[in-house]
1. From the residues in region 1-37 that are charged (D, E, K, R) and loosely packed, with under 14 Cβ neighbours inside 10 Å, which one is farthest from VAL205 (Cα to Cα)?
2. Could you say which residue among VAL159, VAL205, VAL199, VAL178 is under 23 Å from the mean Cα position of the chain (by Cα), on the phi < 0 side of the Ramachandran plot and in contact (Cβ under 8 Å) with a residue 40 or more places away in the chain?
3. Out of VAL194, VAL171, which single residue is out of contact with any Gly (no Cβ under 9 Å at 6 or more places or on another chain), assigned to a loop (DSSP other than H, G, I, E, B) and in the same structural domain as SER115 (by TED's automatic domain parsing)?
4. For region 82-95, enumerate the residues that are of a type in the set (A, V, I, L, M, F, W, C) and surrounded by 11 or more Cβ atoms within 10 Å (Cβ to Cβ).
5. Checking the conditions here, which among ARG79, ARG54 is surrounded by 15 or more Cβ atoms within 10 Å (Cβ to Cβ) and in contact with a Pro (Cβ under 7 Å, 6 or more places away or on another chain)?
6. Going residue by residue through region 11-28, is there one that turns out to be over 13 Å from SER115 (Cα atoms) and either touching a Leu at 6+ places or on another chain (Cβ under 8 Å) or not assigned by TED's automatic domain parsing to the domain that holds ILE108 (or both)?
7. Is it the case that ASP127 is of a type in the set (D, E, K, R) and at positive phi?
8. Hey, among GLY47, GLY15, which residue is modelled with pLDDT under 90 and not basic (Lys, Arg)?
Amino acid sequence: MSNIAVFDMTGKEVGTMELSDSVFNIQVNKPILHEAVKNFLANQRQGTQSTLTRAEVAGGGRKPWKQKGTGHARQGSTRSPQWTHGGIAFGPKPRSFKYSLNKKVKRIAMKSAFSAKFQSDEIKVIDSMDLSEIKTKKMVEIFKALEINGKTLLVLPNVDEKIIKSARNIVGVKTTQVNTLNVYDILKYDNFVVLKDAVAKIEEVYA
């Protein structure tokens with residue numbers, strides 16, 4: 001078991017907690033991390049780009065000149081790909097780029113991402129975060145007290161509207177829940193700020 005400091009909202013260290021080595025301190029598997037990030041980005045692609053083929057471009061029904069005797073190369077339509085304003089040959093059409101990774105690979109990728117953050121000392125555990133109202137200023141003060149700078153991923157155990165709405169206008173800060181965590185976000189953000197209850201849920205799922 002590895003130990004990590006636990007802080008309150010004022011930035012004061014209030015204790016330590018043990019992290020499961022099977023989740024937060026495994027050997028980081030970089031090839032699998034790469035595959036997981038590639039998979040995430042591929043699944044985000046809309047795949048809605050579309051070009052017109054020669055059959056879909058308006059016009060071009062008449063043969064531009066007779067087949068023989070003109071000195072020109074034979075042509076059947078002014079909408080052939082080699083013509084200006086012609087159709088596109090082998091252009092993109094709407095498609096899905098999605099593909100899936102097997103469960104074992106996904107688990108290893110998530111554990112590797114958690115371990116990479118822990119080994120880089122980029123995880124900060126917060127005892128609790130209770131806001132009486134939606135206030136961006138209050139959230140900024142909390143981050144300042146915790147000495148958190150740069151892009152930050154704030155992980156909550158459950159949906160908390162007050163925290164989410166207080167943090168959403170802060171540049172570089174994203175809130176998420178344990179059940180929506182992904183490898184891409186974990187690696188993208190410099191700081192991995194997680195509530196103590198969320199750590200327990202992560203270990204429950206991945207240990």
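1. The qualifying residue farthest from VAL205 (Cα to Cα) is LYS12.
2. VAL199
3. None of the other options fit; the residue is VAL171.
4. Correct list: TRP83, ILE88, ALA89.
5. ARG54
6. yes
7. Judged against the criteria, ASP127 is not a match.
8. So the residue among GLY47, GLY15 that is modelled with pLDDT under 90 and not basic (Lys, Arg) is GLY15.
The values are calculated or read from the model by the stated rules, or taken from the named source; none is laboratory data. This one's a predicted model, so the numbers in the text were calculated from it and none came from an experiment. Cβ: placed from backbone, ideal geometry, glycine included. Neighbour counts: every protein chain shown.
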